[in-house]
1. Residues 13, 5, 64: which one is of a type outside the set (Lys, Arg) and modelled with pLDDT of 85 or more?
2. Starting from segment 41-67, keep only residues that are free of Cβ contacts under 8 Å to residues at least 60 places away in the same chain, then list their pairs with residues that are assigned to a loop (DSSP other than H, G, I, E, B) and open to solvent by less than 50 Å² (accessible area, probe 1.4 Å) whose Cβ atoms are within a distance under 6 Å, requiring at least 6 positions of separation or different chains.
Amino acid sequence: MRTLVLTLGLLGVALISGCSSTHTAQAPTKLVVDQEYVAGVEAASKRSTTQNRIIWVNPPMEYVADDGAKEPQH
């Protein structure tokens with residue numbers, strides 16, 4: 001009886017974990033530089049009273065669908 005319960009429990013766990021690995025269909029996207037944010041930071045730098053020079057080592061990125069629409073970041 002204990003072996004039957006253990007076997008059914010393990011079978012249930014295996015079935016549930018199999019369902020969690022399914023992939024959902026997503027629109028094709030690409031990662032591009034967030035030009036609006038870059039422009040805003042550089043404009044704020046130009047308005048500043050101190051002398052600044054911005055060098056983007058890791059520029060801010062955003063996901064964009066292939067049709068040009070912006071995707072929300074997760």
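The values are calculated or read from the model by the stated rules, or taken from the named source; none is laboratory data. These figures come from a predicted structure and were not determined experimentally. Methodologically, a virtual Cβ is constructed for each residue, glycine included, from the backbone with ideal geometry; neighbour enumeration extends over all protein chains shown. Surface areas here come from the heavy atoms of the whole protein model, side chains and all, with no ligands, DNA or RNA. Shrake-Rupley method; radii C 1.70, N 1.55, O 1.52, S 1.80 Å.
1. Only one candidate passes the filter, namely 64.
2. Taking only residues 6 or more apart or on different chains, the pairs are 60/34; 62/34.
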